[in-house]
Amino acid sequence: MNSMEFALACREYNIMYRDRFGEIPIPGEYACTRSEFLDALKKAVSEEKPIETYLLKRVRHDDGRLE
């Protein structure tokens, strides 16, 4: 899925997630593919749990690198 398709697929779920948790999760902060992120986002909204329940956050190093 390209970036436009991904953004459109996430839009509705991002709004619902923001309404529940007060923030919109950023895909680049998680160690996953776009489809894994979208699945986790849908699950987080439906089960009303933070997305971190389903995905691991990337490690941010002191020099700004993400791993």
Those residues that are open to solvent by 60 Å² or more (accessible area, probe 1.4 Å) and either at pLDDT 95 or above or out of contact with any Lys or Arg (no Cβ under 9 Å at 6 or more places or on another chain) (or both), I need them from segment 23-34; list them, please.
-> Glu23, Ile24, Ile26, Thr33, Arg34
Selection within segment 12-22 - farther than 11 Å from Lys42 by Cα, of a type outside the set (Val, Ile, Thr) and surrounded by 10 or more Cβ atoms within 10 Å (Cβ to Cβ) = Arg18, Arg20, Phe21
Among residues of segment 19-38 being in contact (Cβ under 8 Å) with a residue 12 or more places away in the chain and among the acidic types (Asp, Glu), the residue nearest to Leu56 (Cα to Cα) is Glu29
Leu56 fails exactly one of (1) aliphatic (A, V, I, L, M); (2) open to solvent by 90 Å² or more (accessible area, probe 1.4 Å); (3) at pLDDT 95 or above, namely (3)
Does segment 2-18 contain any residue that is modelled with pLDDT under 95 and either under 19 Å from Arg58 (Cβ atoms) or of a type in the set (Asp, Glu) (or both)?
-> yes
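The values are calculated or read from the model by the stated rules, or taken from the named source; none is laboratory data. Keep in mind it's a predicted model, so treat the numbers as computed, not measured. Don't worry about glycine lacking a Cβ; one is built from the backbone with ideal geometry, like all the others, and counts go over all protein chains shown. Quick note on the areas: whole protein, heavy atoms, side chains included, nothing else; ligands and nucleic acids left out. Shrake-Rupley method; radii C 1.70, N 1.55, O 1.52, S 1.80 Å.
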